[in-house]
Amino acid sequence: MFHYFVRYCERTDDIVTVGHTSAPGEIPLQGDANKGLLVVEADGATIMAGTPGRDTYLEAIRVHLCRKIDGEARELLSDPFADIHAAQAAEARGETPSTPYLDALRAATGQTVKEVVASIQEQADAADALKAGINAKRQAAKRHIRAAATISEIVAAAMVDWEK
């Protein structure tokens, strides 16, 4: 598998070379000839299918970074307890004939059914807000990447602060 990249001048935003390597992170930038140059990964399929030139290379960078952002968001949204949380929420809404999760929580915490239901709803609301924030950042970053005109702007748009 090849990993494609674009090497560009940070000061002028000119593309110096486009290439590929068999391993990510093996894109050398050593020596005086490479001073002021930066490297950004790019989507190989876009490079191979497009006409060689700046527009194709910018699109290849955009595609790669948009996929990277989707992957980061997917990782943040992954919840190993999603099935349990969904079952608890369904029980709290009265959508199930039995309530094993509510019963277990009530027994483990000593809370009343009303308190357990309120706690589950509070957690569900917080999780929804977190998911909405992550998705909004994901969509905004991809929109900024698509609107950016230079490699430097594209790279800057892809720097998502997921913690804020």
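The conditions of being among the aliphatic types (A, V, I, L, M), farther than 18 Å from Ala156 by Cβ and open to solvent by less than 50 Å² (accessible area, probe 1.4 Å) are met by Ile47.
Taking the numbered list (1) at pLDDT 95 or above; (2) surrounded by 12 or more Cβ atoms within 10 Å (Cβ to Cβ); (3) assigned to a helix (DSSP H, G or I) in turn, Glu91 passes all entries but (1). So how many residues does the range 109-164 have that are of a type in the set (Gly, Ala, Ser), assigned to a helix (DSSP H, G or I) and farther than 30 Å from Leu37 by Cβ? Final tally of qualifying residues: 9.
The values are calculated or read from the model by the stated rules, or taken from the named source; none is laboratory data. Source: prediction; values computed, not measured. Note that each Cβ is placed from the backbone with ideal geometry, even for glycine, and that neighbours are counted across all protein chains shown. Keep in mind that these areas ignore ligands, DNA and RNA; they rest on the heavy atoms of the full protein, side chains included. Shrake-Rupley method; radii C 1.70, N 1.55, O 1.52, S 1.80 Å.
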